[in-house]
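Following: one structure in C-alpha cells, then a few remarks.
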Amino acid sequence: PGANALGGFTASFSGANPSDFAVVANGGCGGTIPAGGNCSLSITFSPRATGARTAILNVGYNGVGSPLSVTLSGTGVAISTTLTLSPAAPSLTYGQSLSVTASLSGSPAPTGSVSYQVDGGTAQTATLSGGNVSLGLGVLTAGSHTLAVSYAGDSVYSSATKSASITVSPAVLT
C-alpha cells in the first residue's frame, strides 16, 4: 500500500508464448485504486503446444516502478484422442473395393496424418482433414485381413492406434 492513488492500469503479455496466457478477471484494477487499496488479476493458462511454455505479464500503471513484470510458466501436456474406424469390422465380397474412414476425436480437430497397413504390408500415409480421413484399401483377396491404423499425434494430441478385422467372402459364381 502506497501513499498515493494509482490508475491507468494495463495488462499485456510478452515473451516466448504470450498467446498461451490471458487475463480473465480484473479484480478492481480497471479504475483508480485509492492509497492503501489493492486489486488483483486472474490469469488462465491454455497452452497451444506441449512442453514448457513461458510468458511475461507486464502490468502498467501511473506510478513509480511501472511497469511491473512477472514471469509466468506452465507445462503443456498432450491431450488424449480416440481413433475410430468406420465401418469398425468390414465384411464384403471379393471384388468389392473397400474404403474405411479413420476419425480422431478432439476440438480443435487433430492435425497431421495417419499411417495404415493391411496384414503387416507396406505402410501408407493419409492426411487428416478436420480430424478425418478416408483410407482406400482397394480390392482385397478372399479371407480374413487385419487393418492397422496409427496416429503419431501433433502439438496438442497424443498418439493413438486402432485395428480392425476385415472379412472378405469369396465371390459367388452364378
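Quick notes on this one:
- The Rg/Rh ratio of the stretch 68-174, with both radii computed over alpha carbons and Rh defined as the Kirkwood radius, is 1.18.
- Take the chain with all the other protein chains still there, run a 1.4 Å probe, and you get 56 Å² of accessible area per residue.
- Centre separation in Å (Cα based) which lies between the stretch 26-60 and the stretch 100-174: 45 Å
- Here the accessible area is traced with a 1.4 Å probe on the protein chains. For the stretch 1-121, carbon and sulfur cover 54 percent of it.
- Förster radius 25 Å - calculated FRET efficiency between Ser159 and Asp119, Cβ distance, rounded to 0.05: 0.70
- Among Tyr151, Tyr94, Tyr116, the largest mean-square fluctuation in a Gaussian network model of the chain, built with springs joining Cα atoms closer than 10 Å, belongs to Tyr94.
- Global form of the stretch 2-48, assessed from the alpha-carbon gyration tensor, a/c cut-off 1.5: prolate
The values are calculated or read from the model by the stated rules, or taken from the named source; none is laboratory data. Since this is a predicted model, take the numbers as computed values, not measurements. Every residue, glycine among them, receives a Cβ derived from its backbone with ideal geometry; neighbour counts consider all protein chains shown. To get the accessible areas, we keep the full protein, side chains included, count just its heavy atoms, and leave off ligands, DNA and RNA. Shrake-Rupley method; radii C 1.70, N 1.55, O 1.52, S 1.80 Å.
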